[in-house]
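Worksheet: the structure to be examined is printed underneath.
What follows draws every value from the coordinates through simple rules; no lab data is involved. Because the structure is a prediction, the values reported are computed rather than measured. Note: ideal-geometry Cβ built from the backbone for every residue, glycine included; neighbour counts use all protein chains shown.
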Amino acid sequence: MPSNPAKLRVIWLQGITCNGNTHSFLNDPSLGTLLDSVEFLHHPLLPCTFTLQQLVKKLPKSDILIFEGAYSASFERAGMAMESLLMTLALKTKHIISMGSCASFGGIFKENDPEHISGIVFDKENDSGPLRDMRKKVITLSGCPAHPKWLSFTIDMIRFDKPIAVDEYRRPKELYAYLVHNGCLRNEYFEWKVDSEHFGTKEGCLFYAQGCQGPFTHGSCNKILWNEVSSKTRSGTPCVGCTEPTFPKRELFTTKTYMSIPSEMPIGIPKRSYLALAGAAKSFHIKRLEERLIDDHT
Amino acid sequence: MARPTKEERKVSIMTKALELFSKEGFYQTTMPSIAEKIGMSVGNLYNYFTSKEMLAKDLILYIANILGDEIRKINESPISTQEKIEAIVHMYFRIAKDRPETIEYFLRVYLSNREVFQNCCEGMICVSAFVTEMMIFFEEGVRCGELRDQDFFSAFGLFMGYLGGMVFINGENILPKPLESYEHTIAENIYYALKSR
Ligand code: SF4
Ligand code: SF4
């Protein structure tokens, strides 16, 4: 039996944040086991070695620095500006996890002050964040919030010293190579172009009428389910593309069209091929797909 | 001389059948009359097309591909949407003049006998090559700001209904002037009807 690696020393530092990722993390059903393998030098909610004041005073070394929230150079924690606080802790750690879309790309908070707020490595799609030169040790877990299992996966990989294959934004491919569209229960409705006009229906695809971003969004939401039971699209609300650098988009619940034709094609699908197939699919009327799955009146 | 391939034979049968269908109509044209026109036995004709309906369907696919290829070339040229409209109108009328049987078939056989095509050509399937290019034309026109955003079929109907109607009344010998002399004004009308305000 391989011996269990030593506990990882982890710092959870917050930039400008709504605490969403902290709360998401608390929903991890395997949190108990995970806490056996990590020691939080600092965490905003969980028991930990140092208070924020002590952390800022000691600026300790760590194995993993988890950063949640958007970055702004002048934003302070315990009297220390993020510019030096983040940089110092980043230099003294082995791995950095950019937790959530604000830390990764600027996210929602960037909307408030687009000029000064960014992610730690990326500012939207551009790699101009303060930790760009340290990107090799950064793992991006974008999402609003990131799924708790994405974090425990990453911590486990680090703990067992396994290489993590990443995409252009340094997101683990294991988690982000899929599209949210993959595994959605509504795929058959997408294929045959049967749409749902309302939230929360069991039937229909949310692409045309409700702006679903599933076909453009990298994420495993329909593979690693939320709360282990469901996902936005499974429960009948459109994916808003929260894992992408383009998040948040405007008019989240409408699909932009030009002359009834969606302005964006599913990733990698040429417009001509998509339109030919979609046109053909629309020509058929599949009774089973147009009916309610469960008819309340019979 | 090399013997024509089965595909080449099919195309030559279709060309003849097209003339008959567009002149005589779908119901008047029979497999024996087509075979006679080509100079081939009816039995042999069935080696190429298993029924009159299948032949009719292959013809509409063939025509939609011709129109689709032409519009694709226009879509891919570096010209403005207004110029593309001119080019499409010109192309359509040129085909109507040089190969009148194609457009006639489209209008008088395909659109007028929908029951024939119901089982093998649901919705837009058989004309997909053509409709897809029109979708791309409209989508790009709106995207670049030249055309007004609206429902696809409202715009498609205006454009194609207009052209089809002109070719139809030309076929009825109602137009006092040759069809091509209307090209420019028609293209202009279409552009003004669709352009962004
Ligand atoms: S609801 Fe969204 S994710 Fe699901 S099939 Fe439709 S487009 Fe894809
Ligand atoms: S379904 Fe879409 S919006 Fe919802 S969490 Fe997943 S990526 Fe984000």
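Look at where the Cα atoms of region A:15-92 and of region B:155-186 average out, and the two centres are 72 Å apart. Overall dimensions of chain B, expressed as equivalent-ellipsoid semi-axes from the Cα gyration tensor (√(5λ), whole Å, largest first), are 33, 18, 16. Restricting region A:71-141 to trypsin sites (Lys or Arg not before Pro) that sit in a DSSP loop and have at most 14 other Cβ atoms within 10 Å of their own Cβ leaves A:Lys92. Computed over the Cα atoms of region A:204-266, pair by distinct pair, the Kirkwood hydrodynamic radius stands at 12.2 angstrom. Any aspartates and glutamates with Cα under 15 Å of the A:Lys137 Cα? List them, leaving off those in the same chain fewer than 8 positions away. Once the sequence-local aspartates and glutamates are set aside, what remains near A:Lys137 is A:Asp63, A:Asp127, A:Asp161, A:Asp167, A:Glu168.
Starting from one equal scatterer on each C-alpha and no solvent at all, send me the Debye-based log10 I(q)/I(0) for chain A at q = 0.10 Å⁻¹, two decimals. Results for chain A at q = 0.10 Å⁻¹ read -0.59. DSSP finds beta bridges in the protein assembly as shown, and of those with both partners inside it, around 35 percent are antiparallel. With a 10 Å cut-off around each Cβ of A:272-278, the average count of Cβ atoms from other chains is 5. Relative contact order of region A:180-297: 28 percent, from C-alpha pairs under 8 Å at least 6 residues apart in sequence. For chain A, the mean residue ellipticity at 222 nm estimated from helices alone is -7000 deg cm²/dmol, where every DSSP H run of n ≥ 4 contributes -39500 (n - 2.57) and the total is divided by all residues, rounded to the nearest 500.
How many percent of the alpha carbon pairs in region A:180-297 exceed a separation of 26 Å? Looking at region A:180-297, the distances longer than 26 Å represent 17 percent of pairs.
Compute the long axis of helix A:271-283 from its Cα atoms, compare it with the longest principal axis of the Cα atoms of chain A, and write down the angle in degrees, 0 to 90, nearest 10. Between helix and principal axis, roughly 50 degrees.
Of all aspartates and glutamates in the structure, the ones whose alpha carbon falls short of 17 Å from that of A:Lys271, not counting any fewer than 8 places away in one chain, are A:Glu191, B:Asp69, B:Glu76, B:Glu133, B:Glu139, B:Glu140.
Taking the number of Cβ atoms within 10 Å of each Cβ as an exposure proxy, the fewest-first ranking of B:Cys120, B:Cys126, A:Cys144, A:Cys205 is B:Cys120, A:Cys144, B:Cys126, A:Cys205. Between region B:15-90 and region A:245-262, how far is it from one alpha carbon centroid to the other, in angstrom? Taking the Cα centre of region A:245-262 as reference, the centre of region B:15-90 is 39 Å away. Starting from 0 in steps of 10 Å, tell me what percent of the Cα-Cα pairs of region A:241-283 lands in each bin. Pairs per bin, as whole percents: 23, 47, 26, 3. For region A:8-176, the calculated P(r) over all alpha carbon pairs, in 5 Å bins from 0 to the bin holding the longest distance, is 2, 9, 20, 24, 23, 15, 6, 1, 0 percent. This ranking places A:Trp150, A:Trp226 by how few other beta-carbon atoms lie within 10 Å of each, fewest first, which gives A:Trp226, A:Trp150. For the listed peptides B:9-17, B:59-67, a ranking on the average number of other beta carbons within 10 Å per residue, highest first, reads B:59-67, B:9-17.
Pairs with C-alpha atoms separated by more than 19 Å, drawn from the list B:Lys84/B:Lys177; A:Lys202/A:Lys232; A:Lys136/A:Lys249; B:Lys6/B:Lys97, are B:Lys84/B:Lys177; A:Lys136/A:Lys249; B:Lys6/B:Lys97.
Remark: the B:Thr30-B:Ser80 segment gains 13.4 nm on full extension, using 0.36 nm per residue and subtracting the alpha carbon distance. For chain B, the longest principal axis of the Cα atoms and the long axis of helix B:128-143 meet at an angle of about 10 degrees. So what does the Cα-only Debye profile of region B:41-155 read at q = 0.14, 0.15, 0.16, 0.23 Å⁻¹, as log10 I(q)/I(0), no solvent term? For the requested q values the scattering log ratios are -0.67, -0.75, -0.83, -1.31.
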